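Student: Quick one: this structure, given as structure tokens, is what I'll be asking you about.
Just so you know, all these numbers are worked out from the coordinates, no wet-lab data involved. Predicted model only: the values in this text are computed from it and were never measured. Here the Cβ is made from the backbone with ideal geometry for all residues, glycine too, and neighbour counts use every protein chain on show.
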Amino acid sequence: MGLALEQPVGRLPDVATNGGVMSDACFCDFGDPPTVQHSERLWARKHYRCYECHKAIAPGETYERTASLYDGSWDVARVCSRCLDARDYITAHAPCFCWMYGSMLDDAKNTLDEYGHHSAGFYIGGMKRVLRAERHEPPNARGNARP
């Protein structure tokens, strides 16, 4: 029986979750990948704390839950919608975005500094999302609470 990394259906694999290659010019090597990892996006039923910005995830808010098995020990990371918005934006627009759980916002700033000179729009859009995550502001005008 082999163990494999699981990814939600319909999503591209994240570079940080599989240690894989994003393009021919980008390879993220963070050492040994987890033995097992599963990520899913959910609605919060109770209060949680974001693994990235350390702010509260309120009931009704969307978040990503990632369970990982490292060296026989399980770790669960819950990431709020604001941090996900920043991560998804930079992943979609940067040629290479290597990040690790627990330091994604700093990794995002480093990526913006590295590639921001190519496009002011990319830099401004990315920093706007990173600052929203750090300040715990809603990701958009409509908010993110469940209807």
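Student: Please work out the Kirkwood hydrodynamic radius for region 15-135, using every pair of different C-alpha atoms, and report it in angstroms with one decimal place.
Tutor: 15.0 Å
Student: Same structure, new question: Tabulate in residue order the Karplus-calculated ³J(HN,Hα) for region 30-36, using 6.51 cos²θ - 1.76 cosθ + 1.60 with θ = phi - 60°, rounded to whole Hz; enter x for Gly and Pro.
Tutor: Per residue, the Karplus-derived 3J(HN,Hα) values read 10, x, 5, x, x, 5, 9 Hz.
Student: OK, next. So how far apart, in nm, are the two label points at residue 67 and residue 114 if each is 7 Å from Cα heading toward Cβ?
Tutor: 3.2 nm
Student: Something else: Starting from the amide H of residue 28, placed 1.01 Å from N in the peptide plane, find each other amide H under 5 Å away whose residue is 5 or more places distant or on another chain.
Tutor: For residue 28, whose amide H was placed from the backbone, the distant partners under 5 Å are 22.
Student: For region 67-72, in order, what is each residue's ³J(HN,Hα) by Karplus, 6.51 cos²θ - 1.76 cosθ + 1.60 with θ = phi - 60°, in whole Hz (x at glycine and Pro)?
Tutor: Each residue of region 67-72 in turn: 9, 10, 10, 10, 6, x Hz.
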